[in-house]
Amino acid sequence: MTIDERANTDGNAIEDLMPPGTRVVDGRLVLGGRYASELADTFDTPALIIDEAALRARARRYADGLRSRWPNSRVVWASKSLPCTAIYRIMGAEGLGVDVAGGGELVMALAGGVDPARLVLHGNAKTDTELTMALEAGVGTIVIDNLDDVARLERLATREQGVLIRVIPDVETATHDAIATGHQNSKFGLSIPEARTLIDRLRGSARLRLDGLHAHIGSQILDVEPFARAVEAIATLGSFDVYDLGGGLGARYTYDDHPPSIEAYLDTLTDAARAFLPASARLLIEPGRSMIAETGVTIYRVVSVKRGASRTFVAVDGGMGDNLEVSLYGQRFEATMADRVGGGDDYTVVGRHCESGDQLIDSVPLVEPAVGDVLAVAVTGAYCLTMANNYNGALRPPIVLVKDGEARLALRRESYDDLLRRDA
Ligand code: LLP
């Protein structure tokens, strides 16, 4: 087993949930060759630490894995999982395409030097402004979600534009309702009969070149079978040059999660493609969470340790300002004290925000947490910083990239000045 494959093992030590390459030295957590508690001293807390070597290895594992199974293909990173110019730059340099949802992600992707031809624009409510930005930038593929997209694009496009139609495959998935998208009545995409009508219509379009179909059935999916069913469903719409099969593979957040490996997921997609799609088709996939979640660790400092009626609260200097996964989707995370890794008594980790729902982890074993200590929460690379907010005037955290013992700031912490900067 290579070091890179370790993240999908079933190990029950906290390091097994940390980026591959993480070590424990004298009981201290070492991320990308740097002590986590020293990163806290240097960059302050809370901070999102991304292991750059682990991220690049995962990008290659995805790209090589897909290419070896289906040569006419591309991995298109779903950038909503961690939109930050430096991360766009890394993914672009690794040769990946990038999925952008709207103007903001498009701006960051372009700033990160991603080839516009490799961009895929998504959104169920793309405005004239956003579509104009995409057309002017030369975005390779625009995914049509609805008939208003078609009307807008036919009005705005001045030259030929490649498009895909997002199709609802009518596939149910066992994930949180808020992040399931493959079912009838989803707000994303068109039903199979609606897509069929649109396909006929687009064949006569002067500017919109219908390259193929797109389907994305949801996120944090821990079973491969629904992905195969989605391929089978969209195949009923006929033969196309391109099929974008979306993202959705789950990450391993807790010891009890056993997501399929990247390889098992790719086997499923390409086996289904061989069974149902034209052999000459180009396959795109859009992994977000499974690309980046396990490469990230958030470090906090303990601000208070307080005994409640039946549990002891460890309050840290972040919370739902930098991690909404818990309150929105009930996601469980695991954590450790950075300088006393593993074991300990059960504590409840809470944030600094003004509501009881601001709880990061309900009951997690920690060794003697004390004020000023650094706490590391695993698997926070995806969607945490994405949805960071200023609740209670919280400053959104920085992103620090670690690699081979070097640490560099990729995104600075917000400042109090930033909070005042938009005053009109
Ligand atoms: N493609 C499309 C069109 C998507 O909408 C998404 C995610 C992806 C790809 C990537 O899916 P992934 O591989 O990351 O599962 N805010 C939620 C996550 C919402 C996911 C939205 N779409 C969260 O924090 O969990």
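What follows is calculated from the coordinates using simple rules that are stated; it is not laboratory data. Everything numeric in this text was worked out from a predicted model, so none of it was measured. As a convention, Cβ positions derive from the backbone with ideal geometry for all residues, glycine included, and neighbour counts pool all protein chains shown.
Each Lys or Arg adds one and each Asp or Glu subtracts one; over the other residues with Cβ under 11 Å from the Cβ of GLY246, this totals -2. Placing unit charges on each Cβ (+1 for Lys and Arg, -1 for Asp and Glu) gives the chain a dipole about its Cα centre, and among LEU135, TYR383, GLY65 the Cα reaching farthest toward its positive end belongs to LEU135.
In whole angstrom, note down how far apart the Cα centers of the stretch 135-187 and the stretch 355-389 are. Computed from Cα coordinates, the inter-centre distance equals 35 Å. Listed by chain and number, the aspartates and glutamates whose C-alpha is less than 17 Å from the C-alpha of LYS306, apart from same-chain residues fewer than 8 away, are ASP317, ASP345, ASP346, GLU355, ASP358, ASP362, GLU368, ASP373.
Excluding same-chain residues fewer than 8 positions from LYS80, which lysines have a Cα within less than 16 Å of its Cα? Partners within reach: LYS126.
Does the stretch 70-287 come out rounded, prolate or oblate by the C-alpha gyration tensor, with a ≥ b ≥ c the root eigenvalues, rounded set by a/c under 1.5 and, if not, prolate when a/b is larger than b/c and oblate if not? Oblate. Compared with the dominant Cα axis of the chain, that is its longest principal axis, helix 192-202 is turned about 60°. Taking the longest Cα principal axis of the chain as reference, the axis of helix 262-276 is set at about 10 degrees.
Packing-based ranking of 375-384, 173-182 yields 375-384, 173-182, ordered from highest to lowest mean Cβ neighbour count within 10 Å. Helical runs assigned H by DSSP (4 residues or longer) give the chain a calculated mean residue ellipticity at 222 nm of -8000 deg cm²/dmol, each run adding -39500 (n - 2.57) before division by the residue total.
Taking 0.36 nm per residue of sequence separation and removing the Cα-Cα distance, the GLU263/CYS354 pair yields an extension gain of 28.5 nm.
Assuming R0 = 30 Å, can you tell me the calculated FRET efficiency for the pair ASP26 and LEU420, based on Cβ-Cβ distance, to the nearest 0.05?
Once rounded, the FRET efficiency stands at 0.10.
Modelled spin labels at THR158 and TYR255, positioned 7 Å past Cα toward Cβ, are 6.1 nm from each other. Ellipsoid fit via the Cα gyration tensor, the chain: semi-axes of 39, 23, 20 Å, each the root of five times an eigenvalue, largest first. Straight-line cross-link reach from LYS187 at under 20 Å between alpha-carbon atoms covers these aspartates and glutamates, not counting any fewer than eight positions away in the same chain: ASP99, ASP128, GLU130, ASP145, ASP148, ASP149, ASP170, GLU172, ASP177, ASP244, GLU286.
Annotation: for a label point projected 7 angstrom from Cα along Cα→Cβ of ILE179, residues of the stretch 267-305 with backbone N closer than 17 Å are 286-298. Calculated FRET efficiency, ARG274 to ASP346, Cβ-Cβ distance, R0 = 51 Å: about 0.60 to the nearest 0.05. Once the Cα atoms are used to define both axes, helix 128-137 deviates from the longest principal axis of the chain by about 80 degrees.
Within 15 Å, Cβ to Cβ, of ARG118, how many net charges do the neighbouring residues add up to if Lys/Arg are +1 and Asp/Glu are -1? Taking every Cβ under 15 Å from that of ARG118, the sum is -3.
The label-point distance for THR42 and VAL303, in a model that sets each label 7 Å from Cα toward Cβ, rounds to 2.6 nm.
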